[in-house]
Amino acid sequence: MNESIYSARFISGPEEWERQCPVFRRGLKITKECVKATMCASSLGVYTAYINGQRVGKQVLTPGWTDYKTRLQYQTEDVTSLISCGDNEIIISVGHGWYASRIGTPNNTKGIYSQIPYAIAALTVEYADGSKETVYTDESWSVARSAVLMSQIYDGETYDARKTEFEWMPAIVSEKPTSILIPQEGEDILELCRTSAVKLIYTPAGETVIDFGQEVTGYVEFTVKGSSGQTVKIEHAEILDKDGNFYNENYRSALSMVTYILRDGTQTYKAHHTFYGFRYIRLTDWPEEIKLEHFTAISVYSDMKRTGWFECGVPKVNKLFSNIIWGQVDNFLDIPTDCPQRDERLGWTGDAEVFCRTATLNFDTRKFFKKWLRDLWSEQEAFNGAIPHIVPNLWSHQFSSAAWGDAATVCPWEIYIAFNDKEVLSDQFDSMKAWVEYIRGMGDEYLWNAGSHFGDWLGIDAPEGSYKGSTDQYLIATAYYYLSCGLLVKAGKVLGKDVSEYEKLAVNIKKAFNSTYVAGEGRLTSDTQTAYVVALDFGLVDNKALFAKRLVELIEERGDALSTGFVGTPYLLRVLSDNGYSEKAYTLLLREEFPSWLFSVNMGATTIWEHWDGLREDGSVWSKDMNSFNHYAYGSVAAWMYGNAAGIKIDEAKPGYEHFFITPEPDERLGYVKARYESRYGSIRSEWRYEGDKIRYCFEIPKGTTADVTVGGVTRVLGEGIWYI
Ligand code: BGC
């Protein structure tokens, strides 16, 4: 914690500048030998700071997105090497960011928190003689209209490279409280990957389009030569339509456009204060011959350490896995977003809830989720424990939806078991409890049979004209009530709290579920795949074999196809595997026709689609309204790849992989599997391979851990080493 920034003031340009981005400036004369200089900065908006023309730190889109009402992160950078003796110039360039861009709803034209952005900073210089001096943002700073004429999250950026002279005026000092400032909690947001342009396309409609071959989140960096006043205009898209033309109607109201006004000569540009989700760009305006080497897509995301890898003998499954990894990095930009391109890019709780386990296997998400969960807690309704649909929240009070609000219990638990991090449970315990109490206050005491829910969102079995799958929304809600209550009990026990009341509550919810939603031997009142999946996975029904049999019948009735949406899909294969139908799980994984994971791979996907048939077989689009090609939710199947196909499972009694299980489920159709997870103890590997009529296994168990490894029905306890079976 650096105290200095709390004495600084938020500064801005005038209200009437509206969409125009401001730049702030202050001089600093140094007359003594400086031994250390530290800058703390933040903004209500997004900012980049420079000292003497050099960038401060490497992060982009700082300060990230939090519940700005109560929590605003600041960044601290050592800037000793940027300071020099004599005159120094501090510049802070600010964009509207999440705080002041139009965001959250398609129709609003202005920011929800504010219409203009603010900056705040404190630069402390320590001298060789032991003295110190701090410069704070206050009335001593100037502000001008910057060369960034407009920068909005959804609409893109307009930049005038001719603008090098600024009309400075005194910055406006705001009364906004500094008590909302907190040291950065999340991972650094960095430019982490560069993707070259792969193809120049002249479309049938006569457009000039560049393909990067991969959908990314970030921005294009381009180099262009021209003369002052010429322009570059770039639009972004995820797909080409069935005729091969540029298509971005699914971005809805998000313009996602770069407008760049050239100065004389050769120049390079990339976005300053915004980002785009895209694979293709359309050059609506480009002043010279197009050379692919002049375009690079830069990926921007939270710098999480990669921890998980999966490979098998079916290239299409490997492509699916790669799409899942891309879907994660494209949507883990400081908060977990539903998608990175259209007029949403919001922290939808349900999406994060279903994807959390996969995310946490692929990357070390501990810091990332802990920060987001604190925002969830601060956004949770104090009076009744309701969880908003999106965190950070932009909307006024809403009903909470099952499976979405349950991010409050599921995500802390997943982070705890993956990293043995009790702090996440103690941070979130009150939030978890308030959430369970919210549910208890809805409907009958033991059933969550009230309110409106997203149901099995985008399930294939949705009635015509609806986005909600046909599973009874209250069956799903009551199942989640049970799940959340159970997780609260487990968390309470880890923390040594008395949770006996909730243990009883869970027993009663289960009873009520059975008397309300069980229709007879192995049958549920809602006879859908998702209903059986949640009932089985959450442990709501006892005679599992009968219910699992019905689930399999429902899959077979559809010709070995799934019909699940956001709620059923994440657990579908796991439920099949865990109930003795591993072969059926593989059949679904390997299915190539719609609806299936590999259908999107066959259609050229490079990330995970929101909708099972975002693109139809003939290349036509399903809809322009709810049709993102970069929505990670269905990527949650990777948890099954690690946990069932390779069989690496956490032991909740010894979390963080101190002890774990390996129960691989080989299937000849995959040929081989190699999975690796980098735990805090070291590498865990599970590999199997078909060789003639034999299956060869290889396991790696890191030092300090043990694993119960089950192969061919025999369980062995293995310690450190590489084991071949
Ligand atoms: C979002 C989803 C989200 C859903 C809620 C959509 O618009 O993109 O991913 O979970 O709304 O139903």
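The values are calculated or read from the model by the stated rules, or taken from the named source; none is laboratory data. Note that the structure is predicted; figures quoted are calculated from it, not measured. Please note: Cβ atoms are built from the backbone with ideal geometry, for glycine as well, and neighbour counts cover all protein chains shown. What goes into the accessible areas is simple: the full protein's heavy atoms, side chains included, and nothing from ligands, DNA or RNA. Shrake-Rupley method; radii C 1.70, N 1.55, O 1.52, S 1.80 Å.
Structure notes:
- Every condition in (1) among the charged types (D, E, K, R); (2) open to solvent by less than 40 Å² (accessible area, probe 1.4 Å); (3) more than 23 Å from Ile189 (Cβ to Cβ) holds for Glu238 except the one numbered (3).
- Verdict on Val436 being away from the ligand (no atom under 16 Å from the Cβ), open to solvent by less than 10 Å² (accessible area, probe 1.4 Å), within 19 Å of the chain's Cα centre (by Cα) and modelled with pLDDT of 95 or more: no
- One residue alone among Glu503, Glu464 is open to solvent by 40 Å² or more (accessible area, probe 1.4 Å) and within 30 Å of Glu557 (Cα to Cα), and that residue is Glu464.
- Considering residues of the range 173-203 that are basic (Lys, Arg) and either part of a strand (DSSP E or B) or without any contact (Cβ under 8 Å) to a residue 24 or more places away in the chain (or both) only, the residue nearest to Lys305 (Cα to Cα): Arg194
- Of all the listed residues (Ile701, Ile722), the sole one being of a type in the set (A, V, I, L, M, F, W, C) and free of Cβ contacts under 8 Å to residues at least 24 places away in the same chain is Ile701.
- In the set (1) at pLDDT below 95; (2) within 21 Å of Phe332 (Cα to Cα), the condition left unmet by Thr284 is number (2).
- Annotation note: of Tyr634, Tyr672, Tyr657, the sole residue that is aromatic (Phe, Trp, Tyr), surrounded by 20 or more Cβ atoms within 10 Å (Cβ to Cβ) and away from the ligand (no atom under 16 Å from the Cβ) is Tyr657.
- Among the residues listed as Arg9, Arg25, the single one being surrounded by 14 or more Cβ atoms within 10 Å (Cβ to Cβ) and part of a strand (DSSP E or B): Arg25
- Flag if Met641 is within 16 Å of the ligand (Cβ to nearest atom) and among the hydrophobic types (A, V, I, L, M, F, W, C): no
- Cβ pairs under 6 Å, 6+ apart, first in the range 617-633 and under 23 Å from Thr358 (Cα atoms) and at pLDDT below 95, second in a loop (DSSP other than H, G, I, E, B) and more than 11 Å from the ligand (Cβ to nearest atom): Asn627/Gly614
- Residue within the range 510-519 that is in a helix (DSSP H, G or I) and within 14 Å of Thr409 (Cα to Cα) present: no
- In the range 440-473, the qualifying residues are those that are of a type in the set (Asp, Glu) and at pLDDT below 95, and the one that is farthest from the ligand (Cβ to nearest atom) is Glu445.
- Here Ala100 clears all of (1) at pLDDT below 95; (2) touching a Gly at 6+ places or on another chain (Cβ under 6 Å); (3) not hydroxyl-bearing (Ser, Thr, Tyr) except the condition numbered (1).
- Only one of the listed residues (Asp625, Asp578) is among the acidic types (Asp, Glu), in contact with a helix residue (DSSP H, G or I) (Cβ under 9 Å, 6 or more places away or on another chain) and away from the ligand (no atom under 16 Å from the Cβ). That residue is Asp578.
- Residue within the range 538-557 that is part of a helix (DSSP H, G or I), within 16 Å of the ligand (Cβ to nearest atom), in the same structural domain as Thr471 (by TED's automatic domain parsing) and open to solvent by less than 10 Å² (accessible area, probe 1.4 Å) present: no
- Any hit, the range 686-700, residues being outside any loop (DSSP other than H, G, I, E, B), under 31 Å from the mean Cα position of the chain (by Cα) and surrounded by fewer than 23 Cβ atoms within 10 Å (Cβ to Cβ): yes
For (1) touching a Leu at 6+ places or on another chain (Cβ under 7 Å); (2) in contact (Cβ under 8 Å) with a residue 24 or more places away in the chain, each residue gets a yes or a no:
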position	(1), (2)
Asn52	yes, yes
Arg55	no, no
Tyr68	yes, yes
Thr80	no, yes
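- Residue-level analysis places Lys649 among those that are more than 11 Å from the ligand (Cβ to nearest atom), at pLDDT 95 or above, basic (Lys, Arg) and open to solvent by 10 Å² or more (accessible area, probe 1.4 Å).
- Filter result for the condition that a residue is part of a loop (DSSP other than H, G, I, E, B), closer than 14 Å to Ala531 by Cβ and out of contact with any strand residue (DSSP E or B) (no Cβ under 7 Å at 6 or more places or on another chain), over Ser466, Ser470, Ser452: Ser470
- Where strands (runs of 3 or more DSSP E) sit wholly within the range 204-282, those with at least 3 residues that are more than 28 Å from Ile103 (Cα to Cα) occupy 208-226, 265-269.
- The set of residues in the range 558-590 being under 27 Å from the mean Cα position of the chain (by Cα) and assigned to a loop (DSSP other than H, G, I, E, B) consists of Leu562, Ser563, Thr564, Gly565, Phe566, Val567, Gly568.
- The range 64-80, residues that are surrounded by fewer than 20 Cβ atoms within 10 Å (Cβ to Cβ) and either closer than 13 Å to Val125 by Cβ or in contact with a His (Cβ under 8 Å, 6 or more places away or on another chain) (or both): Asp78, Thr80
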